[in-house]
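Undergrad: Here's a structure for you.
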Number of protein chains: 2
Amino acid sequence: MTQRMNTEARREQIASAALDVLAERGSEGFNIADLAERVGLVPSAVYRHFEGREDVLDAALDLFRDRVYRLVDAVRSEAENPLMALELLLTRHAKLIESGGAAPHIMASMNVPGGRAARRSKREKIFMGYVARVEAVIRDGQESGQVRSDVDPATAALLFAGMIQPAALLRHSEGERFDITAHVARVWDLFRRAVARD
Amino acid sequence: MTQRMNTEARREQIASAALDVLAERGSEGFNIADLAERVGLVPSAVYRHFEGREDVLDAALDLFRDRVYRLVDAVRSEAENPLMALELLLTRHAKLIESGGAAPHIMASMNVPGGRAARRSKREKIFMGYVARVEAVIRDGQESGQVRSDVDPATAALLFAGMIQPAALLRHSEGERFDITAHVARVWDLFRRAVARD
DNA sequence: TTATGATGTGAATATAGATTCACTTGAGGA
DNA sequence: TCCTCAAGTGAATCTATATTCACATCATAA
C-alpha cells in the first residue's frame, strides 16, 4: 500500500498536484484518476480527503491564490521601488512559465467561462484580487513620483496582467523556440514607457 | 417537425450556435444537447451534419477564425492609418464584448490548455495568426513613421492582444458595472504612448 | 403523382468518470 | 502487546453525455 499520510498533509499534496494537472490540461481535462495517480493513490482514496471533484478544484484555487498573492507581496517588499517591483514580478512570472510551473497557466485558464458557478466566481475574485494588488503597487509608484499621475492605476494593472497571459500561451505553443525571457524584457520596455514619468 | 434545411446551411447555423455556447460556457460546458436545443433540433440530428462533438468544435473554431481575421482585415482597410486601425480594432472588440458576442470570450478561452491535441493546436494557430495580422499593422505603422522604429512588432502585437482578454473577463465578472468603452479608451492611451513615435 | 434520398426523431446503447461501499491495513495510544 | 480508527483499496454503482439506429417525413425530380 501507499505510504500513509495524515489528511492535512495529504490534502495539501493533492491540492498541489491538482494545480499541476490544471496547468497541463485545464479544468476540462482534469480528472480524479489522473490526479490520484500523481500522488500515488487510487481514485477512491481522494474521497477520504475531499468531498469530491469540485472540492478538490476549490482547494487548488485556494492554493493558487495564496501562491500568486504571496508572489506579489514578495516582490513588493524585495524591490527598491514600485517600478522595479513590477519588473521583478514580470520576471518571476516568466520564470514560472519557463519552468512549466502551474501559476501562469492557471492564470490564463482563469479567464475562461465554464465550471460551476461557484468556482467561476472564485476564479474571478482571485483574478481581481491579483489586479488589485498590482494596482496598489502602481499607486505607490504614483506617490513616489515614478509613475505618471495621469495614468489610471486600475487600467495599468489590467494591462500588466495582459502582458503575462499571451506569453504563457506562446511558451506553451512554441516551446523552446519562444524565448520568454527576451520577450518579457521587450514588453517591459513598452509597459514602462506607457506608465513611467518622463 | 423542425423546419428542414440543407446540410450546408445547417452546418453553418450549428457552428455559429456552437460559438455562442462556447462563449457562454467554455468548451468544458459545451454539450450536444444544449447546442441542438439552440437550433431547434434534437441531439441526434446534429450527427446528420457533423461527425461528432470534436467535429462541431472544429467547425466553430474555423468560423471564429474567419470572423476574427476578417475583423482585422476590415479595420485595416477602413482606417486612415495603422494606429487608427488598431484603435478601431480595439473598439470593435469592446463592442463585441459589450454585446455578449462570442469572439472575445473565445479569444480568452483560446489560452487554456485542454481539449484534444488537434483542437488545442488549432486554437494556438488561430491565436498566432491573429497576432501576426496585428503585427503586420504595426509594421505598416513603422513604415509610415507613426510607430517608433525601436518597437518590436511581435512584442507590441502580443501586448495588444493582452489588452483585450482581461477586459473580457471583467465585463463578464462585473457586468454592467464595468464600463468597457471607457476602459478601452484608457488602455489605448497607454498602448499608444508605448508604441507611437514622439 | 410517386419514388428516393436527405433530414429529423426518439428510443436504445456506449462510455468515461465520479462517487460509494464493504473491506483491509498500518500506526499509535491504552 | 493489542485495540481502534484513520487512510488506503478494488469492486461496484451512478450519472451525464456522446453516439447509434431503426423509423418517420419532407422535398423534389422524374
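Undergrad: Name the long-range amide H neighbours of residue A:147: under 5 Å, sequence gap of 5 or more, or other chain; modelled H, no Pro or chain starts.
TA: Result for residue A:147 returns A:142, A:197.
Undergrad: What 222 nm value per residue comes from the helices of chain B, counting each DSSP H run with n ≥ 4 as -39,500 (n - 2.57) and dividing by all residues, nearest 500 deg cm²/dmol?
TA: The helix contribution divided over chain B gives -25500 deg cm²/dmol.
Undergrad: If the viscosity is 1.567 mPa s and the temperature 4 °C, what translational diffusion coefficient in µm²/s does Stokes-Einstein give for segment A:61-195 when Rh comes from Kirkwood over Cα pairs?
TA: 85 µm²/s
Undergrad: Averaged over its residues, how many other protein chain Cβ atoms are within 10 Å of peptide A:161-174's Cβ atoms?
TA: Across A:161-174, the average partner-chain Cβ count within 10 Å equals 6.
Undergrad: Quick one: angle between helix A:180-195 and the longest Cα principal axis of chain A, in degrees between 0 and 90, rounded to 10, please.
TA: With both axes taken from Cα atoms, the answer is about 50 degrees.
Undergrad: Packing-wise, with mean Cβ within 10 Å as the measure, how do B:164-170, A:1-7 rank, highest first?
TA: In descending order of packing, they fall as B:164-170, A:1-7.
Undergrad: Nearest to the axis that maps chain B onto chain A: list the chain B residue whose Cβ wins, with the distance in whole angstrom.
TA: Taking the axis that maps B onto A, the answer comes out as B:162, 1.
Undergrad: Which of the aspartates and glutamates could a cross-linker bridge to residue B:95, judged by Cα under 15 Å and excluding same-chain residues fewer than eight apart?
TA: B:87, B:176, B:179
Undergrad: What list of ³J(HN,Hα) values in whole Hz, one per residue of segment B:91-98 in order, does the Karplus curve 6.51 cos²θ - 1.76 cosθ + 1.60 (θ = phi - 60°) give from phi, with Gly and Pro shown as x?
TA: 3J(HN,Hα) across segment B:91-98, in whole Hz: 4, 4, 4, 4, 5, 4, 4, 4.
Undergrad: Out of A:144, B:1, B:50, whose Cα points farthest toward the positive end of the dipole of the protein assembly as shown (charges: +1 Lys, Arg; -1 Asp, Glu; placed on Cβ)?
TA: B:1
Undergrad: Whole-Hz Karplus ³J(HN,Hα) for segment A:56-70, in order, using 6.51 cos²θ - 1.76 cosθ + 1.60 and θ = phi - 60°, x for Gly and Pro?
TA: 5, 4, 4, 5, 4, 5, 4, 4, 4, 4, 4, 4, 5, 4, 4
Undergrad: Can you give me the Cα centroid spacing of segment B:127-198 and segment B:30-76 in angstrom?
TA: For segment B:127-198 versus segment B:30-76, the Cα centre distance is 28 Å.
Undergrad: May I pose another question? Report the rotationally averaged projected area of the protein assembly as shown based on its alpha-carbon convex hull, in square nanometres.
TA: Hull-based average projected area comes out at 21.8 nm².
Undergrad: Another question about this same structure. May I ask you to report, in nm to one decimal and beginning with the shortest, the distances from residue B:185 to the same position in the other copies, taking label points 7 Å along Cα-to-Cβ?
TA: Label-point separations across copies, in nm and ascending: 3.9.
Undergrad: Please give the peptides B:84-91, B:125-132, B:37-44 ranked by average Cβ packing (other Cβ atoms within 10 Å per residue), highest first, as a rough proxy for protection.
TA: For the peptides B:84-91, B:125-132, B:37-44, the packing ranking is B:84-91, B:125-132, B:37-44.
Undergrad: Shifting gears a bit: Can you give the average number of partner chain beta-carbon atoms within 10 Å of each beta-carbon in peptide A:147-156, as a whole number?
TA: Taking all residues of A:147-156 together, the mean is 3.
Undergrad: Another question, if that's okay. Where the only charges are on Cβ atoms (+1 Lys, Arg; -1 Asp, Glu), what is the dipole of chain B about its Cα centre, to the nearest 20 debye?
TA: 280 debye
Undergrad: Taking each residue of A:175-184 in turn, how many C-beta atoms of other protein chains fall within 10 Å of its C-beta, and what is the average?
TA: Taking the mean over all residues of the peptide, I get 1.
Undergrad: Step through the residues of segment B:5-19 one at a time and calculate ³J(HN,Hα) from phi using the Karplus curve (6.51 cos²θ - 1.76 cosθ + 1.60, θ = phi - 60°), rounding each to whole Hz and writing x for Gly and Pro.
TA: My calculation for segment B:5-19 gives 8, 6, 5, 5, 4, 5, 4, 4, 4, 5, 4, 5, 5, 4, 4 Hz in order.
Undergrad: Right, another one. With springs only between Cα atoms under 10 Å, which of A:141, A:100, A:175 fluctuates most in a Gaussian network model of chain A?
TA: In the Gaussian network model the winner is A:175.
Undergrad: Can I ask one more? Label points 7 Å out from Cα along the Cβ direction at residue B:91 and residue A:42: separation in nm?
TA: According to this spin-label approximation, the distance is 6.4 nm.
Undergrad: Ignoring ligands, DNA and RNA, what percent of the 1.4 Å accessible area of segment A:61-195 is carbon and sulfur?
TA: Heavy-atom surface of segment A:61-195 belonging to carbon and sulfur, 1.4 Å probe: 48 percent.
Undergrad: Quote the total accessible area buried by chains B and A together, excluding ligands, DNA and RNA, probe 1.4 Å, nearest 100 Å².
TA: So the total buried area for this chain pair works out to about 3900 Å².
The values are calculated or read from the model by the stated rules, or taken from the named source; none is laboratory data. Note that this is a predicted model, so its numbers are computed, not measured. Because the Cβ atoms are built from the backbone with ideal geometry, glycine has one as well, and the counts that use them run over all protein chains shown. Protein only, heavy atoms only, side chains kept; ligands, DNA and RNA dropped before computing areas. Shrake-Rupley method; radii C 1.70, N 1.55, O 1.52, S 1.80 Å.
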